[in-house]
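Quick one: the structure is below, questions incoming.
The values are calculated or read from the model by the stated rules, or taken from the named source; none is laboratory data. Treat the numbers as computed from the prediction; the structure is a model and nothing was measured. Note: ideal-geometry Cβ built from the backbone for every residue, glycine included; neighbour counts use all protein chains shown. Side chains are part of the model used for accessible areas, which takes the heavy atoms of the whole protein and leaves out ligands, DNA and RNA. Shrake-Rupley method; radii C 1.70, N 1.55, O 1.52, S 1.80 Å.
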Amino acid sequence: MNPYNAPERLAKLSIEVTTQCNLKCAGCRRTAAIESGVWSDLHMTSETFSNVLEHLPPTGTLVLHGVGEPTLHPELTKLVEMAKASGKFGFIRFTTNALARDVEYYCNLIKAGLDEIWISVDSLDQDVADAVRQGTNVHKLKKRIKDLIDAGVPIMISMVVSAKNLLDIPDTLWELHKLGNPKIWMQEYQEQGDSFGVLSPEHRKRFLKLINALVVIKPTFRLHLPNFTQATKGICSAPWARPAINVQGYLTPCCNTFNSSEFGNINLGETSFRDAWKQPSVLGWVKRFLDNKVEVCQGCKLNPQNFGTLNDAGKSAVSNEYRGLRGPLKIG
């Protein structure tokens with residue numbers, strides 16, 4: 001593939017439908033910006049969403065989620081229906097804290113065309129949840145997860161592994177298993193201006209020991225482990241395979257940055273994805289990216305060039321997918 005040509009098809013696309021949220025998570029860029037007085041809560045209009053859909057190539061998975069809580073968008077059901085009706089997406093999902101809406105609301109989203117709901121759960125201990133996801137009602141969250149599973153709603157748990165919830169993770173996994181053993185996608189804490197949850201190499205080793213012990217006892221856990229469990233790989237494919245669009249309709253390189261200035265503020269509500277890729281600002285960014293000179297990518301936990309870097313835990317080159325694993329994961 002010529003990196004300067006627009007991809008004909010995307011593996012995944014994230015569209016930030018709202019920047020409003022009902023929680024105040026430590027380390028979140030929204031939380032930091034609010035405290036600095038520079039944040040605005042916005043909803044993507046249905047008109048902008050419609051125009052963006054028109055200008056997109058075929059895409060495997062559409063994620064209706066950015067920095068905010070998607071279920072706070074007043075027209076989310078309509079947006080799901082529009083995305084489904086476009087015929088451009090093979091799979092539609094989003095990530096939610098599952099606290100703002102009732103089970104019937106999520107069931108109606110599935111009827112509208114949503115395929116799966118990811119639920120953010122960093123801890124089911126109230127004290128830990130208060131520290132990492134302020135505003136979380138753990139009792140309500142547990143009941144919501146159980147009720148959604150019982151209602152047949154397809155869910156995945158999204159868990160951030162940080163220095164603050166590390167030791168609590170086994171207990172949280174046991175609790176989730178008892179609620180119905182949903183699939184759990186784990187990712188490493190990403191610093192967004194607050195280093196409170198950054199994992200050290202020793203943290204990563206400790207995490208793997210905890211998971212090893214847990215899986216030996218109960219091999220039926222369905223866990224997708226963080227990227228640091230993988231060996232260092234080649235160049236990141238996100239800009240070509242998994243770009244993102246912010247709440248105002250502007251194209252960005254990936255879901256780790258909704259900063260439209262990275263690509264020169266190109267609005268996909270006004271121009272096609274193919275034409276956007278021809279713009280000098282995008283081509284210039286691509287060249288800097290290939291030369292490893294894009295600042296936002298330095299140290300990014302989603303960048304495969306950083307997998308396993310500077311930590312023993314990431315050098316084992318094992319699969320990061322646990323599906324009924326029968327033996328321990330090697331460290332080092």
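Could you work out the relative contact order of the chain? I mean the mean sequence separation of Cα pairs under 8 Å and 6+ apart, divided by the number of residues, in percent.
For the chain, the relative contact order is 21 percent.
Modelling each spin label as a point 7 Å along the Cα-to-Cβ direction, I'd like the SER40/GLU116 distance in nm, to one decimal.
Between SER40 and GLU116, the simple spin-label model gives 3.5 nm.
Further question on the same structure: Given the pairs LYS12/LYS84; LYS143/LYS183; LYS84/LYS111, which span a C-alpha to C-alpha distance of over 21 angstrom in this model?
On the way: LYS12/LYS84 15 Å; LYS143/LYS183 17 Å; LYS84/LYS111 11 Å.
None, as every Cα separation is 21 Å or less.
Turning to a different aspect of this structure: Taking a threshold of 32 Å on the Cα-Cα distance, which of the pairs LYS24/LYS287; LYS88/LYS278; LYS24/LYS278 fall above it?
LYS24/LYS287; LYS24/LYS278
Something else now. Kindly provide the helix-only [θ] at 222 nm of the chain, computed as the sum of -39,500 (n - 2.57) over DSSP H runs of four or more divided by all residues, to the nearest 500 deg cm²/dmol?
After summing the helix terms and dividing by residue count, I get -9000 deg cm²/dmol.
Shifting gears a bit: At a 10 angstrom cut-off on C-beta neighbours, averaged per residue, how do the peptides 279-288, 133-142 rank from highest to lowest?
Per-residue mean Cβ counts within 10 Å order the peptides as 133-142, 279-288.
Hey, rough spin-label estimate for LYS233 and CYS107, points 7 angstrom out along Cα→Cβ, what's it come to in nanometres?
It is 3.9 nm.
Nearest 20 debye, what's the magnitude of the dipole of the chain about its Cα centre given +1 on Lys and Arg Cβ and -1 on Asp and Glu Cβ?
1120 debye
Could the peptides 265-276, 116-127 be put in order, highest first, of the mean number of other beta-carbon atoms found within 10 Å of their residues?
Values: 265-276: 17.2, 116-127: 19.4.
The peptides rank, most packed first, as 116-127, 265-276.
How big is the antiparallel share of DSSP beta bridges in the chain, given as a percent to the nearest 5?
Of all bridge pairs located within the chain, approximately 30 percent are antiparallel.
Roughly speaking, to the nearest percent, how much of the chain's 1.4 Å accessible area is carbon and sulfur?
Looking at the chain in its full context, I get 49 percent from C and S.
Further question: For the stretch 1-73, compute the orientation-averaged projected area of the C-alpha convex hull (one quarter of its surface), in nm².
6.6 nm²
Considering the values (1) 1.04; (2) 1.00; (3) 0.95, which represents Rg/Rh (Cα atoms, Kirkwood Rh) as calculated for the structure under consideration?
Among (1) 1.04; (2) 1.00; (3) 0.95, the one calculated here is (3).
A follow-up question, please. What residues have an amide H closer than 5 Å to that of SER158, excluding those fewer than 5 places away on the same chain, when H is modeled at 1.01 Å from N in the peptide plane?
Counting only residues 5 or more places away or on other chains, the set is ILE119, SER120, VAL121, TRP185.
First select every other residue whose beta carbon is under 15 angstrom from the beta carbon of THR48; then total the charges, Lys and Arg +1, Asp and Glu -1. Walk me through the intermediate numbers first.
Values: positive: LYS78; negative: GLU16, GLU47, GLU54, GLU75, GLU270.
Spelling it out: positives minus negatives among the neighbours equals -4.
Highest GNM mean-square fluctuation, the chain, Cα pairs closer than 10 Å: which of PHE228, PHE196, PHE307?
Largest GNM mean-square fluctuation: PHE196.
Taking a ≥ b ≥ c as the square roots of the eigenvalues of the Cα gyration tensor of the stretch 127-276, is the shape rounded (a/c under 1.5), prolate (a/b larger than b/c) or oblate?
prolate
Mind listing the phi-derived Karplus ³J(HN,Hα) values for the stretch 129-143, rounded to whole Hz, using 6.51, -1.76 and 1.60 with θ = phi - 60°, and x for any glycine or proline?
After applying 6.51 cos²θ - 1.76 cosθ + 1.60, I find 4, 4, 7, 9, 9, 4, x, 6, 9, 4, 4, 5, 5, 4, 5 Hz.
Rounded, prolate or oblate, given the Cα gyration tensor of the stretch 176-238, with a/c below 1.5 counting as rounded?
Details: a/c = 1.72, a/b = 1.58, b/c = 1.09.
Prolate, since a/c reaches 1.5 and a/b exceeds b/c.
Taking the dipole about the Cα centre of the stretch 61-189, with the C-beta of Lys and Arg at +1 and of Asp and Glu at -1, give me whichever of VAL67, GLN187, VAL153 is farthest to the positive side.
VAL153
Okay, next question. Shape of the stretch 32-164 from its Cα gyration tensor (a ≥ b ≥ c, root eigenvalues): rounded if a/c is under 1.5, otherwise prolate when a/b > b/c, or oblate?
oblate
Right, here's the next one. Separation of the stretch 249-268 and the stretch 80-154 by C-alpha centroid, Å?
Between the Cα centres of the stretch 249-268 and the stretch 80-154 lies a distance of 26 Å.
List the cysteines of the chain that have no other Cys Cβ closer than 4.7 Å: which are they?
So far as the 4.7 Å Cβ criterion goes, CYS21, CYS107, CYS236, CYS254, CYS255, CYS297, CYS300 stand without a partner in the chain.
For the chain, with every protein chain kept in place, what is the accessible area per residue (1.4 Å probe, Å²)? Provide the component values of the computation, followed by the final result.
Values: 14520 Å² over 332 residues.
Solvent-accessible surface per residue comes out at 44 Å².
Right, here's the next one. Find the Rg to Rh ratio for the stretch 92-213, where Rh is the Kirkwood radius over alpha-carbon pairs and Rg uses the same atoms.
Here the Rg-to-Rh quotient is 0.98.
Still on this structure, please answer the following. So if each residue of separation counts as 0.36 nm, and I subtract the Cα-Cα distance between GLU75 and ALA151, what length gain in nm does that give?
Gain on extension, GLU75 to ALA151, equals 25.1 nm.
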